[in-house]
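Chemist: The structure under discussion is supplied below as structure tokens; questions concerning it will follow.
The values are calculated or read from the model by the stated rules, or taken from the named source; none is laboratory data. In this text, all values refer to a predicted model and were calculated from it rather than measured experimentally. Quick reminder, even Gly has a Cβ in these numbers, built from the backbone with ideal geometry, and neighbours come from all protein chains shown.
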Amino acid sequence: MHFKLLIALVEDNKTDAVINAARNAGATGTTIISNASGEGIEKSKTFFGLTLETQRDVLLMLVEEHLSREILEKISDAGEFDTQKGAGIAFQLDVEDVVGITHQIETLTEKVEDKL
């Protein structure tokens, strides 16, 4: 079994919706890194020297490669990445090797059995 690491940078008010969408599409877990900040193509607005920006969360999901594209698309829809400017981004990276998920292999095998 091969895996991908999905990384999503999400507005914190959309984190729950993105996680639920990913889980419904086959993700078996998420690690959340809270209170991240960043800047896109346009600089953040300021008001009297204070930056006005929403907090972001970084979501890390280790998913089976046959499920990764569908999960990525569901994450994008739930986070409104392509419809709302600055809502967030998500991308996937190949994973060479994984340990510590033997308890999830049985569940994942059932989900991807027909795709193998």
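Chemist: Please specify each residue of segment 71-107 satisfying the condition of being within 18 Å of I19 (Cβ to Cβ), more than 12 Å from the chain's Cα centre (by Cα) and in a helix (DSSP H, G or I).
Modeler: Correct list: Q104, T107.
Chemist: Being charged (D, E, K, R) and modelled with pLDDT of 95 or more narrows it down to one residue among E73, E64, E53; which is it?
Modeler: E73
Chemist: Further, regarding this structure: Return the residues of segment 1-28 that are of a type in the set (A, V, I, L, M, F, W, C) and either over 11 Å from the mean Cα position of the chain (by Cα) or assigned to a helix (DSSP H, G or I) (or both); say none if nothing qualifies.
Modeler: Listed by number, the residues that qualify are M1, F3, A17, V18, I19, A21, A22, A25.
Chemist: Same structure again: State yes or no: is T46 modelled with pLDDT of 95 or more and exposed (fewer than 11 other Cβ atoms within 10 Å of the Cβ)?
Modeler: Against the criterion (modelled with pLDDT of 95 or more and exposed (fewer than 11 other Cβ atoms within 10 Å of the Cβ)), T46 does not qualify.
Chemist: Kindly indicate whether any position in segment 69-87 is crowded, with 19+ Cβ neighbours inside 10 Å, free of Cβ contacts under 8 Å to residues at least 24 places away in the same chain and polar (S, T, N, Q).
Modeler: Yes, segment 69-87 contains a residue that is crowded, with 19+ Cβ neighbours inside 10 Å, free of Cβ contacts under 8 Å to residues at least 24 places away in the same chain and polar (S, T, N, Q).
Chemist: Follow-up. Does at least one position in segment 100-109 carry a residue that is modelled with pLDDT of 90 or more and not β-branched (V, I, T)?
Modeler: no
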